[in-house]
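First up is the structure itself, then whatever we jot down about it.
The values are calculated or read from the model by the stated rules, or taken from the named source; none is laboratory data. All values derive from a computational prediction rather than experimental measurement. So basically every Cβ, Gly included, is an ideal-geometry build from the backbone, and we count neighbours across all protein chains shown. All accessible areas refer to the heavy atoms of the entire protein, side chains included, with ligands and DNA or RNA removed. Shrake-Rupley method; radii C 1.70, N 1.55, O 1.52, S 1.80 Å.
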Amino acid sequence: MAHASDHYYVPHGSYWPIIASVGLTIGVVGAASAFNGSSTGYAVLAVGLAIIFYMMFGWFGTVIRESLKGEYNEQVDRSFRQGMMWFIFSEVMFFAAFFGALFYARMLSVPWLLGEDSGAATHEFLWSSFNEAWPTNGPAGVGGEFQTVGAWGIPALNTLLLLSSGVTITLSHWALKANDRAKTVLWLVATVLLGAVFLGFQAYEYIHAYHELNLTLESGIYGSTFFMLTGFHGFHVTLGTIMLIVITIRAAKGHFTPDNHFAFEGVAWYWHFVDVVWLGLFIFVYVL
Amino acid sequence: MRWITTTNHKDIGSLYLLLALLMFFIGGAMAMVIRAELFQPGMQLVDPQFFNSMTTVHALVMIFGAVMPAFTGLANWLIPMMIGAPDMALPRLNNFSFWILPFAFTLLISTFFMDGGAPAGGWTLYPPLVLQTGAAFPFVIFAIHLMGISSIMGSINVVVTILNMRAPGMTLMKMPLFAWTWLITAYLLIATMPVLAGAVTMLLTDKFAGTSFFSAAGGGDPVMFQHIFWFFGHPEVYILILPAFGIVSAIVPTFARKPLFGYSSMVYATASIAFLSFIVWAHHMFTVGMPVVGELFFMYATMMIAVPTGVKVFNWVSTMWKGSMTFETPMLFAIGFIFMFTIGGFSGLMLAIAPADFQYHDTYFVVAHFHYVLVTGAVYSIMAATYYWLPKWTGNMYDERLGKLHFWISTISVNVLFFPQHFLGLAGMPRRIPDYSVQFADWNMISSIGGFVFGLSQLMFAYVVFKTIRGGEKASDQVWEGAQGLEWTLPSPAPYHSFTDAPVVK
């Protein structure tokens, strides 16, 4: 961080955004074709994803080089921070849609199917034999009999893991602020490991649910909300872990200084966000 | 290559505006097909499936392809100039936000050539109907995802630009209202586009992955989709109109030669509208079978929106009161906006009354209502903005005579087009149906004639714009005698980089 420029850094012509758009488009065309049963769809999707990965390496690489050259002044740093906060807010709202679906089903639509309030006639004439409240796979028993995952086994352990990872990343941040590179990296590695173990447990739990509990994505509204919520969360943990690995490498290379480490903080915020979503999941999907 | 790799806010603004113009004509062509089919009762030109594709894709193209990109283009061009910034805060992200869109709309429009045709279940994508879409289905869903990604990134850029890039002295309460309304619009977009993404993702998994979100057999509920969709959809309608409020609040004071009446009340009214927009969504679904408590809550909450909106209309009128008014084209469009948007607002108030809505629901009355707020509201404000700032962008004055002609032909024809649809709706003509009972024949024919004239007169708009870009009488830096704001301190045409050194605002 040699010199912080007086002028706001405005980059000139960049190919990365158009590469990103092309990659995204190829990716979604592949995915859509695959949904429609085309056998080449997956190959096209893979090409799209490969372009997106290439773009990410290139785009983030460019930003890192510019940052190391000291092109970014305090104001640019603030733009990145605010941008990251609003991005996380948009992610919160994405999860809100799925939590909304869960609450709507549990508090309104399932009780209506059971004959509460305005659902009395529907229940009487259409689903009079339906009597199972949450957890349920609906009056038609979509997906067949299933059992749920208990809250106090792996999910409780996972809660402990993620909460601990919130502590380790904070310890790492303190170490970074004290300019102690070894400790920074050490605690980051611990955070990555906690994230990875979480993902391992989650994968084990999915296999268990599919093979022994007959709890699948197709198990009615319970299976739908369970797997979509935990699945999108797991996907975000995966992204967060990859981001943590990247900043671990960057920390080891000495990219961060005690007063200039936006990338570290951005990833840390993201990691805390993933953590908080998990707490919501643990309470509303597993415990209650 | 310049246009593909550009990170300049003016280049990107121009790209957005040109895309919006193109989409306006594509969506407009679809509207012409709709009006041609409805010219007479009976089946005339197209089969019903294609007719329904026309209404569905017309809506998606106009909302996501014309109005939203036009506002984003205006935000790109104007916000850095208005707040004294060198550029947008995140220029590469800005380029990405734009360049997703041409791909997204190529995907959307390509669905016309797929097995089973383009989506025909309405732009609101209600299940279970929308799940019957053919091969187009996943492509439409992903096109919407791409548009959403573009909107979210564009909005993050706007919010960060406004909060972090203002010149010294440009406090929030000194900002032009266009910046304020866009700040709040961008917040609404970041809050609601992800919810739409979630909703359409659930549609996708219901169709292809066996989930039961919207299937009662599995314990879900098709009505749940409507709730989630309109939680996005209602803030979306304010996303389509708040920037328009900002534009009108810039133009009216200029041509009334008076400062805007009640600046701070305008800001608070905008924020109130944004807040209320999150708690009124179910007024789009009064007839779906909600508990009475729900009907009442959403009815009263909806009516409350009339208060801050009334504040705005009152302030614009008060700004004109005893002003030294002149009526150049931007002012004509702004006054047209105030008058006709208010008509749309009043019919909205009628629709907000739950028991009355049982009569109007899904009729042409609703179609008339939202076209008054979107065409003579949002689109008129975009045209007003184009005439108002075009001299600043290009350095050339537009042809005032043609501009005024465009305004008058448009305004007469658009009322011939949409006003009779109120009568049709009150008489019971349902929307989204290609044929109708003979008692509706007269007003439909009149409406169609208005539609064709309005459609053709927009070619004039494109002509005036391109003529101004190519040349014309040179514009001064100030352009308009009464114009206030930092953008008028820059030369015309505005230099490639606006404020490399921040101006000081007193």
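Among the residues of the stretch A:195-233, what is the count of those that are open to solvent by less than 30 Å² (accessible area, probe 1.4 Å) and in a helix (DSSP H, G or I)?
Here the count works out to 19.
What tally of residues in the stretch B:17-39 results from selecting those that are in contact with a Phe, Trp or Tyr (Cβ under 6 Å, 6 or more places away or on another chain) and surrounded by fewer than 17 Cβ atoms within 10 Å (Cβ to Cβ)?
0
Residue-by-condition table, conditions (1) surrounded by 20 or more Cβ atoms within 10 Å (Cβ to Cβ); (2) touching a residue at least 60 places away in the same chain (Cβ under 8 Å); (3) part of a loop (DSSP other than H, G, I, E, B):
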position	(1), (2), (3)
A:Ala121	no, no, no
A:Ser129	no, no, yes
A:Gly141	no, yes, yes
A:Val149	no, yes, yes
A:Asn158	yes, yes, no
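Okay, residues lined up against (1) among the hydroxyl-bearing types (Ser, Thr, Tyr); (2) in the same structural domain as A:Val277 (by TED's automatic domain parsing); (3) out of contact with any strand residue (DSSP E or B) (no Cβ under 8 Å at 6 or more places or on another chain); (4) under 24 Å from B:Ala143 (Cβ atoms):
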position: A:Ser14; (1), (2), (3), (4): yes, no, yes, no
position: A:Val22; (1), (2), (3), (4): no, no, yes, yes
position: A:Ala32; (1), (2), (3), (4): no, no, yes, yes
position: A:Gly37; (1), (2), (3), (4): no, no, yes, yes
position: A:Gly48; (1), (2), (3), (4): no, no, yes, yes
position: A:Phe53; (1), (2), (3), (4): no, no, yes, yes
position: A:Gly61; (1), (2), (3), (4): no, no, yes, no
position: A:Ile64; (1), (2), (3), (4): no, no, yes, no
position: A:Arg78; (1), (2), (3), (4): no, yes, yes, no
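When you go through A:Glu116, A:Glu66, A:Glu145 one by one, which is the residue that is surrounded by fewer than 14 Cβ atoms within 10 Å (Cβ to Cβ), within 12 Å of another protein chain (Cβ to nearest Cβ), more than 30 Å from B:Ala191 (Cα to Cα) and of a type in the set (Asp, Glu)?
Only one candidate qualifies: A:Glu116.
Just to be sure I understand, how many residues within the stretch B:174-200 are of a type in the set (Gly, Ala, Ser) and farther than 25 Å from B:Phe225 by Cβ?
Residues in the stretch B:174-200 being of a type in the set (Gly, Ala, Ser) and farther than 25 Å from B:Phe225 by Cβ: 2 in total.
Take the residues of the stretch B:394-411 that are among the aliphatic types (A, V, I, L, M) and more than 24 Å from the chain's Cα centre (by Cα): which is nearest to B:Thr468 (Cα to Cα)?
Per the stated criteria, the residue is B:Met397.
Does at least one position in the stretch B:55-77 carry a residue that is open to solvent by less than 20 Å² (accessible area, probe 1.4 Å) and either acidic (Asp, Glu) or within 12 Å of chain A (Cβ to nearest Cβ) (or both)?
No - not one qualifying residue is present in the stretch B:55-77.
If we scan the stretch B:279-286, do we find a residue that is open to solvent by 10 Å² or more (accessible area, probe 1.4 Å) and either modelled with pLDDT under 95 or in a loop (DSSP other than H, G, I, E, B) (or both)?
For the stretch B:279-286, residues open to solvent by 10 Å² or more (accessible area, probe 1.4 Å) and either modelled with pLDDT under 95 or in a loop (DSSP other than H, G, I, E, B) (or both): present.
For every residue, the table says whether it meets (1) hydrophobic (A, V, I, L, M, F, W, C); (2) at the interface with another protein chain (Cβ under 8 Å from one of its Cβ atoms); (3) open to solvent by 10 Å² or more (accessible area, probe 1.4 Å); (4) out of contact with any Asp or Glu (no Cβ under 8 Å at 6 or more places or on another chain).
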residue: B:Asp115; (1), (2), (3), (4): no, no, yes, yes
residue: B:Leu131; (1), (2), (3), (4): yes, no, yes, no
residue: B:Val140; (1), (2), (3), (4): yes, no, no, yes
residue: B:Gly169; (1), (2), (3), (4): no, no, yes, yes
residue: B:Ala179; (1), (2), (3), (4): yes, no, no, yes
residue: B:Pro194; (1), (2), (3), (4): no, yes, no, no
residue: B:Ala197; (1), (2), (3), (4): yes, yes, yes, yes
residue: B:Val200; (1), (2), (3), (4): yes, no, no, yes
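Can you list residue pairs whose Cβ atoms sit under 6 Å apart, with the first residue in the stretch B:434-457 being without any contact (Cβ under 8 Å) to a residue 40 or more places away in the chain and the second being in a helix (DSSP H, G or I)? Count only pairs 6 or more apart in sequence or on different chains.
B:Trp443/B:Pro420; B:Trp443/B:Phe423; B:Trp443/B:Leu424; B:Ile446/B:Pro420; B:Gly450/B:Ser413; B:Gly450/B:Val416; B:Gly450/B:Leu417
Just to check your reading of the model, which residue among A:Phe35, A:Phe98, A:Phe103, A:Phe87 is within 8 Å of chain B (Cβ to nearest Cβ), open to solvent by 30 Å² or more (accessible area, probe 1.4 Å) and within 30 Å of B:Ser215 (Cβ to Cβ)?
Exactly one residue qualifies, and that residue is A:Phe35.
For the subset of the stretch B:108-157 comprising residues that are in a loop (DSSP other than H, G, I, E, B) and under 18 Å from the mean Cα position of the chain (by Cα), which member is farthest from A:Phe80 (Cα to Cα)?
Once the filter is applied, the top-ranked residue is B:Gly122.
Every residue, every condition in (1) within 9 Å of chain A (Cβ to nearest Cβ); (2) aromatic (Phe, Trp, Tyr), yes or no:
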| residue | (1), (2) |
| --- | --- |
| B:Ala85 | yes, no |
| B:Phe98 | yes, yes |
| B:Ser110 | no, no |
| B:Trp123 | no, yes |
| B:Met153 | yes, no |
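Quick one: which helices (runs of 4 or more DSSP H) lie wholly within the stretch B:289-363 and hold at least 3 residues that are of a type in the set (S, T, N, Q) and within 28 Å of B:Phe407 (Cβ to Cβ)?
Those helices (runs of 4 or more DSSP H) span B:306-320, B:329-352.
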